[in-house]
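Just so it is clear, none of the values below were taken in a lab; they were calculated from the coordinates. Because the structure is a prediction, the values reported are computed rather than measured. All Cβ positions, even for glycine, are placed from backbone atoms using ideal geometry, and neighbour counts span all protein chains on display.
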Amino acid sequence: MSTKLTLIQGDITKIASDAIVNAANSSLLGGGGVDGAIHRAGGPAILEECIQIRNKQGGCKIGEAVITTAGRLPAKYVIHTVGPVWQGGRNRERELLSNCYRNVLELALEHGIKTLAFPNISTGIYRFPKAEAAALALEAVQAFVASHPDALEEISFVCYDDENFRLYEELMKGEV
Ligand code: AR6
């Protein structure tokens with residue numbers, strides 16, 4: 001594997017990677033959590049492009065991803081993906097969360113993105129259990145990297161809360 005996987009604790013809006021990932025909702029019109037933080041810090045250009053995408057294709061389905069400018073953020077692009085709401089685990093939540101990571105990575109590849117930062121999709125307002133989400137995220141990213149070894153230079157997991165940070169630290173022991 002030549003792609004470097006890194007772990008960061010902090011605010012993803014401050015990360016100067018080629019693209020940062022947003023944990024959005026299907027409307028693409030913004031919301032709370034990391035979505036709110038990205039739109040606030042990035043300014044109106046992001047929402048304008050989201051509205052154009054909405055007009056064209058009617059938002060974004062769960063597990064899928066779309067790309068926009070990053071506006072005033074230090075990153076160049078924002079890749080918006082929509083995680084599943086945790087409903088107990090019997091509604092394909094795990095598969096849908098893996099799809100988010102895979103589809104974001106595919107889109108990054110198509111746009112020549114070399115450095116990418118993920119937040120912990122679905123683990124806030126959408127209540128996906130954090131330990132399971134972290135394991136799934138890492139597995140999905142590792143599978144992609146194994147099949148596209150030279151596509152990206154660096155993929156970061158940006159954990160905002162302590163619990164996620166500790167979980168990733170444990171899972172990524174020996175990797176970072
Ligand atoms: N930087 C990085 N991570 C953050 C930040 C930040 N600035 N702020 C929060 N997090 P959430 P979801 C972490 O709720 O569960 C929105 O309203 C947070 O600690 O942002 O996918 C959308 O519009 C958590 O671990 O997203 C949707 O309606 C992680 O980001 C809905 O929430 C995800 O928490 C999506 O819910």
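Between Val141, Val158, Val34, find the one with the highest GNM mean-square fluctuation for the chain; connect C-alpha pairs within less than 10 Å.
For the chain, modelled as a Gaussian network with Cα springs under 10 Å, the answer is Val141.
Please compute, for the alpha-carbon atoms of the range 11-61, the extent along each of the three principal axes and give them in descending order in Å.
Over the range 11-61, Cα extents along the principal axes are 30, 19, 17 Å.
In terms of modelled amide H atoms, which long-range or inter-chain residues lie less than 5 Å from the amide H of Lys4?
Here Glu154, Ile155 satisfy the definition.
Pop out the ³J(HN,Hα) list for the range 124-132 in order, Karplus 6.51 cos²θ - 1.76 cosθ + 1.60 with θ = phi - 60°, rounded to Hz; leave Gly and Pro as x.
x, 4, 7, 6, 5, x, 5, 5, 5
Against the 2.2 N^0.38 Å scaling, with N counting residues, where does the range 1-137 land? I'd like the Cα-based Rg ratio to two decimal places.
0.98
Can you give the % of DSSP beta bridges in the chain that are antiparallel, to the nearest 5?
20 percent
For the chain, what is the relative contact order in percent, using Cα pairs closer than 8 Å and at least 6 residues apart in sequence?
Here the relative contact order equals 32 percent.
What residue among Asp35, Asp161, Asp18 shows peak mean-square fluctuation when the chain is described by a Gaussian network model with Cα springs under 10 Å?
Greatest mean-square fluctuation among the candidates belongs to Asp161.
Straight distance only, please: which aspartates and glutamates reach the Cα of Lys130 with their own Cα at less than 17 Å, same-chain residues fewer than 8 apart left out?
Counting by Cα, and skipping residues close in sequence, Lys130 has these aspartates and glutamates nearby: Glu93, Glu95, Glu139, Asp161, Asp162, Glu163, Glu169, Glu170.
Below 11 angstrom from the Cβ of Tyr77, what's the summed charge of the other residues (Lys, Arg +1; Asp, Glu -1)?
Computed value for this residue: -1.
Which lysines, on any chain, are close to Lys14 with Cα under 22 Å apart, when same-chain ones fewer than 8 places away are left out?
Lys4, Lys76, Lys114
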